[in-house]
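The block underneath contains the structure these notes are about, expressed in structure tokens.
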Amino acid sequence: MPGGMGPAPEHRRRRERRGSFHVRAGAAGKRAPPSMALVYCIGVVSLLASAGRTLAPKGQLCLGSFWCISLTPVARKLQRVNYELHTLPVDAKAVTDGDTITVYVNMSNHPESGHVPQEVHKAAIERTKARAAKNYQRADALQKIILGAGYRQIPNTRDEQVLAKKYRIRLRGIDAPESLMPYGKEAKEELMRLLQGETLKISIYDSDRYGRLVGDVDCNGVSVQEHMLKKGLAWHYTAYDHRMELSKWENQARASRTGLWALPDPEKPWDWRKKKRIGTV
């Protein structure tokens with residue numbers, strides 16, 4: 001073209017393109033190495049996470065103020081046994097219903113033996129003398145003093161009168177039908193049959209709002225809760241107990257339609273009690 005403005009030769013255009021590539025590559029070479037950039041990013045994220053943990057509500061993890069996730073506990077805290085009670089033989093009258101019993105523990109080998117009131121100790125000694133003298137009127141009067149303090153003199157396995165303390169026990173993890181419900185009577189009678197005259201080992205975990213001790217009851221190596229659930233005479237009380245074995249024992253009774261599970265639609269005891277409170281039973 002005139003004036004030497006014609007198109008550049010092909011080899012010249014290739015050199016220009018190669019030159020521009022080298023310029024860009026040189027500019028990129030002045031940036032921070034990728035490894036350093038990664039370190040900077042990690043540092044920033046760590047600072048944000050730290051600030052999020054400080055400022056976030058309990059149960060949340062936040063990165064800065066813009067991104068939070070809720071943290072749900074994976075498992076509940078396991079309950080531990082506080083102490084054990086070893087009872088004297090159980091009286092038939094001590095069975096209140098299918099999940100509550102009254103037991104007596106010999107104070108001579110009990111951790112609380114040093115806390116027995118002096119007047120109770122004295123009344124127990126005097127009552128033993130009155131019984132030996134066949135002064136049963138005085139013995140009965142002294143027994144009232146002992147009972148009023150929450151103790152009792154009852155025979156042990158050798159038929160010796162011993163001073164014992166009374167405890168009301170709620171069987172942990174099960175809820176039996178109330179006495180006026182279907183199978184309420186059967187539940188009480190089965191528990192009475194199992195426990196009458198037996199000594200028990202009770203692992204105490206807690207106490208409930210009615211002042212009862214909540215525990216696992218062992219009768220000659222048999223779990224009483226397991227027995228009642230397998231007989232179909234109690235529900236697994238899942239509102240307060242999440243042990244899988246209790247659900248398993250209940251499901252076995254359900255599958256075989258044992259006890260209350262023979263009913264077409266058995267009512268839960270806690271639902272029945274709620275209806276009773278509001279006057280719809």
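The values are calculated or read from the model by the stated rules, or taken from the named source; none is laboratory data. Note that this is a predicted model, so its numbers are computed, not measured. All Cβ positions, glycine included, derive from the backbone under ideal geometry; neighbour counts span all protein chains shown. Only protein heavy atoms, including side chains, enter the accessible area calculation; ligands, DNA and RNA are left aside. Shrake-Rupley method; radii C 1.70, N 1.55, O 1.52, S 1.80 Å.
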**Item:** Above-threshold pairs, the threshold being 30 Å between Cα atoms, out of Lys144/Lys188; Lys165/Lys274; Lys144/Lys275; Lys144/Lys268; Lys93/Lys122
**Value:** Lys165/Lys274; Lys144/Lys275; Lys144/Lys268
**Message:** Could you compute how much accessible surface Tyr183 exposes when probed at 1.4 Å, giving the result in Å² to the nearest 10?
**Reply:** 70
**Message:** Rounded to the nearest 20 debye, what is the charge dipole size of region 143-281 about its Cα centre when +1 sits on each Lys and Arg Cβ and -1 on each Asp and Glu Cβ?
**Reply:** 480
**Asked** What are the residues whose amide H is under 5 Å from the amide H of Ala176, where those residues sit 5 or more places off or on another chain and H is modelled from the backbone?
**Response** Asp99, Trp235
**Message:** I'd like the accessible area for Ile278: 1.4 Å probe, protein heavy atoms, all chains in place, Å² to the nearest 10.
**Reply:** 120
**Net lengthening on full extension, Leu180/Glu245 (0.36 nm per residue, minus Cα-Cα)** = 20.6 nm
**Request:** Can you bin region 205-255 into rounded, prolate or oblate? Criterion: square roots of the alpha carbon gyration tensor eigenvalues sorted a ≥ b ≥ c, rounded for a/c under 1.5, prolate for a/b above b/c, oblate for the rest.
**Result:** oblate
**Item:** Solvent-accessible area per residue, Å², over region 112-183 with all protein chains present [probe radius 1.4 Å]
**Value:** 60
**Asked** Considering only the other residues whose Cβ falls under 13 Å of the Cβ of Leu229, what net charge follows from Lys and Arg at +1 and Asp and Glu at -1?
**Response** -2
**Fill in**
Residues whose modelled amide H sits under 5 Å from the amide H of Val95, counting only those 5 or more places away in sequence or on another chain, are Thr102
**Prompt:** Can you give the charge dipole size of region 88-152 about its Cα centre, rounded to the nearest 20 debye, using +1 on the beta carbon of Lys and Arg and -1 on the beta carbon of Asp and Glu?
**Reply:** 500
**Message:** Once you place label points 7 Å from the Cα toward the Cβ at Ile278 and Gln137, how far apart are they in nm?
**Reply:** 5.7
**Fill in**
Once the dipole of region 177-281 is set up from charges on Cβ (+1 Lys and Arg, -1 Asp and Glu), the residue from the list Ile202, His242, Leu180 lying farthest towards its positive end is Leu180
**Request:** Express in Å², to the nearest 10, the accessible area of Thr258 obtained by rolling a 1.4 Å probe over the protein heavy atoms while all chains stay in place.
**Result:** 40
**Item:** Electrostatic dipole magnitude of region 113-204 [Cβ: Lys, Arg +1; Asp, Glu -1; Cα centre; debye, to 20]
**Value:** 400
**Request:** Could you work out how far apart the two model spin labels at Glu119 and Arg158 are, taking each label as a point 7 Å from the Cα in the direction of the beta carbon, and quote it in nm?
**Result:** 3.1
**Item:** region 125-281 - percent of accessible surface contributed by carbon and sulfur, probe 1.4 Å
**Value:** 48
